[in-house]
Each structure stands twice: as C-alpha cells, then as structure tokens.
Amino acid sequence: MAAAFRDPNGKNFFALVYEAVCRIPAGKVASYGQIARLCGSPRSSRAVGYALHVNPMPGVIPCHRVVNREGRLAPAFAFGGDSVQKKLLEAEGVEVSESDGYYRVDMQKYRWEPVF
C-alpha cells in the first residue's frame, strides 16, 4: 500500500503528498498522477486521492488544486463536493467550465509545471 511507502528521509507517502500539493501555486492545478510522480510513486494516483480525501488540514493543504488528468473536478470532493472545489478554484482565477455533467479546468492553460 502506498501509505506505507517511505522516502529515503523516512517520510511517509501521505506527508510527501501534502508537501507536493502545498507547492501548487494559487491559480494552477495538478493531476493526481503528477502528484504521485512527484512523490516517487508514479502508479499511486488513487492513493494520492485518498490522502487528499483525509487531508488533516483543509484550507492549509490546498487539495482543491488537484484534479484528474482530464481536468475534471472531484465529484466527491471531501470538503463539500465539486461545487465547493469549483468556487475555491474560481476564487484563485481558474476558469471552470461544465460539460457532460462534470466541472472541468483547461489543463493546457492551468496545469502547474513544477520547477526543480
């Protein structure tokens, strides 16, 4: 299980997820897969989703900035549903559209590209 994963410094996977998500600047989004890759576990995007679902510090750890690879918002956003996630992103200047019954952001425009 990804939660048991520890990096060379002994940090658990969830701590790595929270650190990575905190790096996403306001007005940008990242995919679950991007965060998994940043944490050294590229096949753990679902575990990233779970870590964000149990976010111990909502409002501090900006989990609303994480969307799926297609830019879809999380219908089961843990802190109020996709309409709350939409409002949080829009407050940061991210345009959110609706199509096929889902809210989406344009990943070409809003994807965060971390600098190492």
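Laboratory data are not the source of any read-out in this text; all were calculated from the coordinates shown. Predicted model only: the values in this text are computed from it and were never measured. Neighbour counts run over all protein chains shown; Cβ positions are idealised from the backbone, glycine included.
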- Message: List residues of region 28-49, by number, whose backbone nitrogen lies under 19 Å from a label position 7 Å along Cα→C-beta of Q108.
- Response: 28-31
- Under 5 Å between amide H atoms, partner at least 5 residues away or on a different chain: which partners does V67 have, H built in plane at 1.01 Å? A30, S31, Y32
- Query: If the cut-off is 24 Å between C-alpha atoms, which lysines fall inside it for K109, apart from same-chain ones fewer than 8 positions away?
  - Reply: K28, K86, K87
- Ranked by Cβ crowding within 10 angstrom, fewest neighbours first, how are V94, V115 ordered? V115, V94
- Query: Which ³J(HN,Hα) values, rounded to whole Hz and listed in residue order, are derived for region 35-43 from phi using the Karplus coefficients 6.51, -1.76 and 1.60 in 6.51 cos²θ - 1.76 cosθ + 1.60 with θ = phi - 60°, glycine and proline given as x?
  - Reply: 5, 4, 5, 4, 8, x, 9, x, 9
- Message: Over region 11-110, what portion of Cα pair distances is larger than 18 Å, expressed as a whole percent?
- Response: 39 percent
- Item | 11 Å beta-carbon shell around E70, net charge (K/R +1, D/E -1) | +1
- Message: Please give me the summed charge of the neighbours of R104: other residues whose Cβ is under 13 Å from its Cβ, Lys and Arg +1, Asp and Glu -1.
- Response: -2
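Considering only DSSP beta bridges where both residues belong to the chain, give the percentage that are antiparallel (nearest 5).
Counting DSSP beta bridges with both partners in the chain, the antiparallel share is about 55 percent.
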- Top positive-direction residue, dipole computed over the chain with Cβ charges, set A74, L89, S41: S41
